[in-house]
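Here the structure is laid out as structure tokens; the discussion comes afterwards.
No value in this document is a laboratory result; all are computed from the given coordinates. Source: prediction; values computed, not measured. Here the Cβ positions follow ideal geometry from the backbone for every residue, glycine too, while neighbour counts run over all protein chains shown.
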Amino acid sequence: MSAEISVVVTLYNEDQSAPEVVRRSVATLEALGRPWELILVDDGSTDGTWATVESAHAADAEHVRGIRLKRNFGQHPAMHAGLVRAEGDIVVTMDGDLQNSPEDIPKLVAGVENGSDVASGRRNARRDSWGRTVPSLLVNGMLRRFTGVAISDFGCAFNAYRRSALEPALGAIGKQKFTKALVLSTGASVTEVDVQHSPRQGTSRYSPLRLTRVALHVLAGFWPQPIQWIGIALGTLCTLAAFALGVYGVVYWIVEENFPGPLFGGTAVIFVLGVQGFILALVGEYLARIQRDVEGRPLYTIDREL
């Protein structure tokens, strides 16, 4: 019997949480009393995560599938590996760090069955540090603006999708971060579902540098023609700043008969260099995308599949 509900869990060095994720997910899915499958994608872990996947498959080969990637390709390529193999009419995505509760799977499934294409998990009481929460608020605001979809939590990976809503976006999933934003940008309907959020087991892998790269990815991936808009905005700002600095310098020179040229000159140079650096970073994001598409490199390679 083919599955009605597929749950795709991405795992990377989650040997502490993976056994509990499997146990609670299986118990929740069995309680639904409908055909289901659990797809565990090991994104090139270097600890005992794959051993947990093998044990789960050995215990229930009918329902539990395992995919091991040859190295760490990233969360969204790993998610793609599971999504293209999912057989269910409803597909649930979930991280394997236990920040999301597997017991909330039925709530997301119900959100889709009530008529929406996407049931979007919403972490009302987030258990993250301010270093994660503040950048997340910024990225959420950007995605709401660029996609035109007014949901509050684009960053939550705990979601349910109707298969017909996923299929148009499968070609871009993995190449783009924010799978949910991609699906919603195709016009899929959405309802938000409140889900539990627990402290992460282990250390977050989102450093300030990685969060900055995520912001650039959002700009390049979801904002049409950002370079033109950024050029206009920053060009105007630089012009106004230079004008104000010039007026201040003239007034100071007349009143004090001593214009502090080196100080203001150095400040202006540093400001302009900062602007150029940001624009170059954005251009670099575009060039990297072009290079990946031209080379046609695979999103990931699979080492083993159970």
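Seen from a random direction on average, the alpha-carbon convex hull of region 29-81 projects onto 4.1 square nanometres.
Less than 15 Å Cβ to Cβ from residue 33, Lys/Arg counted +1 and Asp/Glu -1: what total charge do the surrounding residues give?
-3
Close amide H partners of residue 45, meaning residues 5 or more places away or on another chain with modelled amide H under 5 Å apart, are 13.
Seen from residue 85, the other residues with C-beta closer than 10 Å to its C-beta sum to a net charge of -2, counting Lys and Arg as +1 and Asp and Glu as -1. Label-to-label distance, residue 59 versus residue 254, with points set 7 angstrom from Cα along the beta-carbon direction: 8.2 nm. Rounded to whole numbers, the Karplus 3J(HN,Hα) couplings from phi for region 56-67 are 5, 5, 5, 6, 8, 5, 6, 10, 9, 10, x, 10 Hz, using 6.51 cos²θ - 1.76 cosθ + 1.60 with θ = phi - 60°, and x at Gly and Pro. Backbone geometry of region 183-191 corresponds, through the Karplus equation with coefficients 6.51, -1.76 and 1.60 at θ = phi - 60°, to 3J(HN,Hα) couplings of 5, 5, 5, 7, x, 5, 7, 9, 10 Hz, x marking Gly and Pro.
Under a 5 Å amide H cut-off, with hydrogens placed 1.01 Å from N, residue 65 pairs with 38, 39, 40 among residues at least 5 apart or on other chains.
For region 44-49, backbone phi angles converted through the Karplus equation (6.51, -1.76, 1.60; θ = phi - 60°) give residue-by-residue couplings of x, 5, 10, 10, x, 4 Hz, Gly and Pro being listed as x.
Residues whose amide H falls under 5 Å from that of residue 92, counting only those 5 or more places apart or on a different chain, are 6, 7, 8, 161, with hydrogens built in the peptide plane.
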